[in-house]
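The values are calculated or read from the model by the stated rules, or taken from the named source; none is laboratory data. These numbers come from a predicted model, not from an experiment. Here the Cβ positions follow ideal geometry from the backbone for every residue, glycine too, while neighbour counts run over all protein chains shown.
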Amino acid sequence: MVRLVHFNRDLYQLLNNFVAFRDFYSQRRKAIFQAGTLYIDGRACELCVRVESVEAHSPLANLSRTYLAYCDCRRRNSDERVLIAAAFTGGDSDNLMVGRNGVFYDCQGNDWDATIVKLIDHPISVSQAFWAPYKRIARMVGEQIEKFAAAKDKAVDSGAGAGIAGFGAKAAAGGQPPAPFDVGKFAGIFAAIGLALGAIGTAIASIVGGFMALPVWQMPLAIGGIILAISGPSMLIAFLKLRQRNLGPILDANGWAVNTKASINIPFGSTLTKMAELPRGAERMLTDPFAEKKTPWKRWVVLLVLIIVLAFAWNKGYMQQLGQQIKPLLTGQMHKAEKPGAAEQGTAAEQAVPPEKKAEPPAK
């Protein structure tokens, strides 16, 4: 009798969560495997599942093609502790890192202090994939500059130490005459720098020249083609991976036996992660009383570069070619605008001629 009562009460819910996943896809209520909501980095992650071990869960969950953050959750003033895996399906991953803190609310309304302990990296959105190549280039340039600065700083320190030691040795030995200045060595260095700058300038000039030689209507297409060539492959790969996101491996890693593919497509995935928004009527105060004073040298540098590019284009005749391409378009529009006015002037002139001055037909 007890089992019959339990079947009568819970069988419908059991089928909607373990067979059909109706509660998960309809979003009328949370599914049984959804442990709660994680609030972190300005986002609310609805797809959170409890895990027993990060090391045991992550290898199989990696096949889900979903960006996962494993969090260690603890209750304040208590020894309770749980591990969760939260799926990020919106925004970007720039500020997600191991050690980042958030707040986790379980289905009973209890709050937990959550800390990220491991990340499984996968594409989150197509917009993130669009900016990914540029961020990688900027990160690579920054790392190279840091390495160069660190190497130079180390070389200066070692050179200063060696110079001090050598000066002491020379002073003890009575001193030696300084080495003569090698003009040929420095001339070779300056020649190499000049060749490098010349090659860079030639490359920039050829690119600018080819771009300015295009017709006006082809210039936006060329810019779009360059952007597509840089971001297109990354966006395509992200789009294909986002279409392959699957809930099955996440549940299988917890001991389930999912017999079908529980896909998470792009529209449905956007509903599982909610982005923070300002309340209605709220405004951002962008005035910073402690902001650093802006120096005008950046504007002058940009203006100088713009003047050099325009002067180069004028010297090579690109501006004249552009003007010749635009002039027929403008003159054609002006002629079209003048024709109705000319017709109206002719009609007015005919009406202004008195009847007696009109030409009479020749006599036969």
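Of all residues in the range 1-38, which are within 23 Å of Asp111 (Cα to Cα) and of a type in the set (Phe, Trp, Tyr)?
Listed by number, the residues that qualify are Phe24, Phe33.
Hey, among the residues in the range 256-275 that are within 15 Å of Gln34 (Cα to Cα) and either modelled with pLDDT under 90 or of a type in the set (Asp, Glu) (or both), which one's farthest from the chain's Cα centre (by Cα)?
Among those that are within 15 Å of Gln34 (Cα to Cα) and either modelled with pLDDT under 90 or of a type in the set (Asp, Glu) (or both), it is Trp256.
Would you please name the residue that is nearest to Ile116 (Cα to Cα), looking only at residues in the range 15-58 that are touching a helix residue (DSSP H, G or I) at 6+ places or on another chain (Cβ under 9 Å) and surrounded by fewer than 17 Cβ atoms within 10 Å (Cβ to Cβ)? Step through it out loud before you land on a result.
Of the range 15-58, the ones touching a helix residue (DSSP H, G or I) at 6+ places or on another chain (Cβ under 9 Å) are 15-17, 22-34, 45-47, 49, 51, 57.
Keeping just the survivors that are surrounded by fewer than 17 Cβ atoms within 10 Å (Cβ to Cβ) gives 15, 22, 25-29, 32.
Working: Leu15: 33, Arg22: 30, Tyr25: 27, Ser26: 29, Gln27: 26, Arg28: 29, Arg29: 26, Ile32: 23 Å.
Filtering first and then ranking leaves Ile32.
Could you tell me whether any residue of the range 220-235 is over 28 Å from Ala138 (Cα atoms), out of contact with any Gly (no Cβ under 6 Å at 6 or more places or on another chain) and modelled with pLDDT under 90? Walk me through it before giving the result.
Step one: filter the range 220-235 for residues over 28 Å from Ala138 (Cα atoms), giving none.
Taking every residue of the range 220-235 in turn, none turns out to be over 28 Å from Ala138 (Cα atoms), out of contact with any Gly (no Cβ under 6 Å at 6 or more places or on another chain) and modelled with pLDDT under 90.
For residues that are free of Cβ contacts under 8 Å to residues at least 60 places away in the same chain and part of a helix (DSSP H, G or I), scanning just the range 234-265, find the one that is nearest to Cys48 (Cα to Cα).
It comes out as Arg243.
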